[in-house]
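Colleague: This structure is in structure tokens; I'll ask about it shortly.
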């Protein structure tokens, strides 16, 4: 099997996700906690990663907005956001995201059928890479 290459864009503070080039495409995204902005390329096996997600039928921007709605405002939109709220915010509503929350994205601009297959594969490869090093799923991924 030919495993595709993939490279995420640099880490940005979560609240700045709308400014990322390519945010208007579907793709894969990773969320992580850092005490300060990392300047190295995102490493998909980093123990700092708390969630790996994907979207094929909508933009990454819309999916991250849904994460934000669930994680910080406890609205039904994103199961990973609910997991984040429970684990890191103890279910409390917050108008702002934590300063330590960062996001990196892999936007995919390909024909729909091809992009859907590629996105699904990359998301699972990232989770596998994380699992190989950490012997667990990211804390907000259930499977």
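Colleague: Take residue 54 and decide whether it is in contact with a strand residue (DSSP E or B) (Cβ under 9 Å, 6 or more places away or on another chain) and either surrounded by fewer than 13 Cβ atoms within 10 Å (Cβ to Cβ) or outside any helix (DSSP H, G or I) (or both). Give the derivation first.
Modeller: Details: in contact with a strand residue (DSSP E or B) (Cβ under 9 Å, 6 or more places away or on another chain): yes; either surrounded by fewer than 13 Cβ atoms within 10 Å (Cβ to Cβ) or outside any helix (DSSP H, G or I) (or both): yes.
It is true that residue 54 is in contact with a strand residue (DSSP E or B) (Cβ under 9 Å, 6 or more places away or on another chain) and either surrounded by fewer than 13 Cβ atoms within 10 Å (Cβ to Cβ) or outside any helix (DSSP H, G or I) (or both).
Colleague: Right, here's the next one. Assuming residue 99 fulfils every condition listed in (1) out of contact with any strand residue (DSSP E or B) (no Cβ under 8 Å at 6 or more places or on another chain); (2) touching a residue at least 40 places away in the same chain (Cβ under 8 Å); (3) farther than 21 Å from residue 143 by Cα apart from one, which condition is it?
Modeller: (1) is the only condition that residue 99 fails.
Colleague: Related question: Read through the list (1) in a loop (DSSP other than H, G, I, E, B); (2) surrounded by fewer than 19 Cβ atoms within 10 Å (Cβ to Cβ); (3) modelled with pLDDT of 95 or more, then give the number of the only condition that residue 42 fails.
Modeller: (2)
Colleague: Still on this structure, I have one more. Please go through segment 102-123 and pick out each residue that is without any contact (Cβ under 8 Å) to a residue 60 or more places away in the chain and outside any loop (DSSP other than H, G, I, E, B). So that I can check it myself, show each step before the final result.
Modeller: Here is the first cut: in segment 102-123, the residues without any contact (Cβ under 8 Å) to a residue 60 or more places away in the chain are 110-114, 117.
If the condition is that a residue be without any contact (Cβ under 8 Å) to a residue 60 or more places away in the chain and outside any loop (DSSP other than H, G, I, E, B), then 112, 113, 114, 117 are the ones that fit.
Colleague: Checking residue 22 against (1) part of a loop (DSSP other than H, G, I, E, B); (2) in contact (Cβ under 8 Å) with a residue 40 or more places away in the chain; (3) surrounded by 17 or more Cβ atoms within 10 Å (Cβ to Cβ): exactly one of these is not met. Which one?
Modeller: Evaluating residue 22 over (1) part of a loop (DSSP other than H, G, I, E, B); (2) in contact (Cβ under 8 Å) with a residue 40 or more places away in the chain; (3) surrounded by 17 or more Cβ atoms within 10 Å (Cβ to Cβ) leaves (3) as the failure.
Colleague: On to the next question. Residue check, residue 62 against (1) under 18 Å from residue 9 (Cα atoms); (2) surrounded by 13 or more Cβ atoms within 10 Å (Cβ to Cβ); (3) touching a residue at least 24 places away in the same chain (Cβ under 8 Å), all met but one. Which one?
Modeller: Evaluating residue 62 over (1) under 18 Å from residue 9 (Cα atoms); (2) surrounded by 13 or more Cβ atoms within 10 Å (Cβ to Cβ); (3) touching a residue at least 24 places away in the same chain (Cβ under 8 Å) leaves (3) as the failure.
Colleague: Further question: Please indicate, with yes or no, whether at least one residue in segment 87-95 is surrounded by fewer than 21 Cβ atoms within 10 Å (Cβ to Cβ), part of a helix (DSSP H, G or I), modelled with pLDDT under 95 and out of contact with any strand residue (DSSP E or B) (no Cβ under 6 Å at 6 or more places or on another chain). Let's see the steps before the verdict.
Modeller: Applying the first criterion (surrounded by fewer than 21 Cβ atoms within 10 Å (Cβ to Cβ)) to segment 87-95 yields 87-95.
This time we only want the ones that are part of a helix (DSSP H, G or I), so: 87-88.
Now drop any that are not modelled with pLDDT under 95, which leaves none.
No, that holds for no residue.
Colleague: Report, by residue number, each residue of segment 71-82 that is buried (at least 20 other Cβ atoms within 10 Å of the Cβ) and over 11 Å from the mean Cα position of the chain (by Cα). Before you say what the answer is, go through the steps one by one.
Modeller: To start, the set of residues in segment 71-82 that are buried (at least 20 other Cβ atoms within 10 Å of the Cβ) comprises 71-72, 78, 80-81.
Selection gives 71, 72, 78.
Colleague: Among the residues of segment 124-143, how many are exposed (fewer than 12 other Cβ atoms within 10 Å of the Cβ) and either in a loop (DSSP other than H, G, I, E, B) or touching a strand residue (DSSP E or B) at 6+ places or on another chain (Cβ under 9 Å) (or both)?
Modeller: Total satisfying the criteria: 4.
Colleague: Next question, about the same structure. Every residue in segment 2-19 that is farther than 18 Å from residue 115 by Cβ and surrounded by 10 or more Cβ atoms within 10 Å (Cβ to Cβ), please. Show your work before the answer.
Modeller: So the first thing to find is which residues in segment 2-19 are farther than 18 Å from residue 115 by Cβ, and the list is 10-19.
Matches in segment 2-19: 10, 11, 12, 13, 14, 15, 16, 17, 18.
The values are calculated or read from the model by the stated rules, or taken from the named source; none is laboratory data. All of these numbers come straight from a predicted model, not from anything done at the bench. In this analysis, Cβ positions are derived from the backbone assuming ideal geometry, glycine residues included, and neighbour counts consider all displayed protein chains.
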